[in-house]
Amino acid sequence: MAEFVFQYGLFLAKAITFVLAAASIALLVAGLSRKGESPGGLKVRKLNDRYRELAADLRRAALGKAEWKKLAKREARERKAQEKAVASGAEQRQRVFVLDFKGDLRASAVASLREEVSAILGVATPADEVVLRLENFGGAVHEHGLAASQLARLRSGGIPLTAIVDKGAASGGYMMACVANRIIAAPFAVLGSIGVIAQIPNFNRALSERGIDFEQITAGRYKRTVTMFGRTTDADRNKLREEIAEVHELFKSMVVHNRPALDIEAVATGEHWYGTRALELGLVDELGASDDYLLAATRRADVLHVSYHARHRLSEKLLAAVQSALGQVELWIEQRRRERLLP
C-alpha cells in the first residue's frame, strides 16, 4: 500500500507539473502574439453561414464548374429574397441563441455565462430559443448552483431552453441541465450523479507522531468540524454528514422542481448513467447530438452563437490557467477512480 501511495503521488506531481508548464508556455506565446488585439466583450457568430459555407465547399468540389455557378446563383437569389421578406416584416424568422458551457470543478465559465444570459434576455422573446451545449462533470456546490441560477433566469423570462449534452452532465453539471425545458443527450453521454461528496485528507496523526501540535481557535460550536490537520471526533463526522445530507436534499428538491415526473429516489443515489439508460430513467427527454440539432435549426431559424470573453492581463490569464489545470487534474483523477482504474 505504501508503495502504491508513493507511486501515485509521484504520478500526480508529474501530471500537475506537465499541465502547468504547458499552460504557462501556451499563455506566454499567446500573450506575445496578441499585441494590439481588440478588447474582450460579447461576440456573435451566425452559424447558418458556417454550415452553408461547409456545404458550399463540398458542392464546389463535387459539381462541375458550370453547374456549381448555376447553383450558387440560385441560392444567392433565394437568400436575398428571404432577407428582404424578413426586413419588410412579411416573414418572421425564429432566432436560436447558442451558448457553450464547459465546466470545471469551480464552474469558472459562470462569469461569462451571466453576461451571455443578460445579453440574450435583452433581445429574446418567447418565440425564440436558447440552446446550451453543456459539458460539465460537476464540482463546487455553490459555483454550480450559481450557474444553474443563471439558466433559471432564461426560464423565468419565458425563453425556451434546450440543454444538449454530447459528453457529460453529471453532479453539478446535471444541476444545470435539469433547469432546461428539454434535455437532449448523446447515447454515450454521462448523466446523473445526483449526490454530494466531501473528501478531506487528515494529517493529524502524522503531525502528532512527529511532535507537531496543530492549534485551531474558533468561536461557534460548529465553525470547523472535519479539517485537514485537526483531530476528528465522532461529533465532527456526524455534523459533516448532516451538512452533506442537507445539500443532497436541496439538490433533489431542485431536480424535482424542474422535472416533477422524475422518480427522484430512484436516480438520486449518486450513480451516473449513459444516455440510453438516462432516457429510460427520465433524466433526459431524447437522444441526439448537438450538431444534428443545430444543423436542422438552421433550416427554420437564424442560429446565433453567443459568447462573452473578458479582457484579462497575461498574469490573470496565467493564474486562471493554473487554477483550471489543477481542477482538470482533480477531475481526471476522480473520473479514473469512478472507472475503477485506481483503487
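Close Cβ contacts (under 8 Å, 6 or more residues apart or on different chains) running from residues in segment 275-295 that are in contact (Cβ under 8 Å) with a residue 60 or more places away in the chain and farther than 19 Å from Glu265 by Cα to residues that are surrounded by fewer than 19 Cβ atoms within 10 Å (Cβ to Cβ) and among the basic types (Lys, Arg) comprise Glu286/Arg182.
Note on segment 105-125: among residues that are touching a helix residue (DSSP H, G or I) at 6+ places or on another chain (Cβ under 9 Å), among the β-branched types (Val, Ile, Thr) and free of Cβ contacts under 8 Å to residues at least 60 places away in the same chain, the one that is nearest to Tyr293 (Cα to Cα) is Val117.
Which condition number in (1) loosely packed, with under 11 Cβ neighbours inside 10 Å; (2) more than 30 Å from Arg153 (Cα to Cα); (3) of a type outside the set (Val, Ile, Thr) is the one that Ala261 fails? It fails just one condition, (2). Among residues of segment 126-156 being without any contact (Cβ under 8 Å) to a residue 40 or more places away in the chain and part of a strand (DSSP E or B), the one that is surrounded by the most Cβ atoms within 10 Å (Cβ to Cβ) is Val130. For beta carbons closer than 9 Å, sequence separation of 6+ or different chains, a first residue in segment 197-211 that is part of a helix (DSSP H, G or I) and a second that is among the polar types (S, T, N, Q), the qualifying pairs are Asn204/Thr227; Asn204/Thr232. Residues to consider are Val256, Val247; find the one that is of a type outside the set (Gly, Ala, Ser) and either in contact with a Pro (Cβ under 6 Å, 6 or more places away or on another chain) or touching a residue at least 24 places away in the same chain (Cβ under 8 Å) (or both). After applying the criteria, what remains is Val247. Looking at segment 217-302, the helices (runs of 4 or more DSSP H) lying wholly inside it that each contain 1 or more residues that are touching a Lys or Arg at 6+ places or on another chain (Cβ under 6 Å), among the hydrophobic types (A, V, I, L, M, F, W, C) and under 22 Å from Cys178 (Cα atoms) sit at 264-267. With respect to the stated conditions, Gln216 fails to be free of Cβ contacts under 8 Å to residues at least 24 places away in the same chain and under 19 Å from Gly139 (Cβ atoms).
Within segment 175-222, the set of residues being on the phi > 0 side of the Ramachandran plot and surrounded by 24 or more Cβ atoms within 10 Å (Cβ to Cβ) comprises Gly192, Ser193.
Out of all the residues in segment 159-169, is one or more touching a Gly at 6+ places or on another chain (Cβ under 7 Å) and either under 22 Å from His272 (Cα atoms) or buried (at least 20 other Cβ atoms within 10 Å of the Cβ) (or both)? Write out each step before concluding.
To start, the set of residues in segment 159-169 that are touching a Gly at 6+ places or on another chain (Cβ under 7 Å) comprises none.
The answer is no; no qualifying residue exists.
None of the figures in this text is laboratory data; all of them are computed from the coordinates on show. Keep in mind it's a predicted model, so treat the numbers as computed, not measured. Cβ atoms come from the backbone with ideal geometry, glycine included; neighbour counts cover every protein chain shown.
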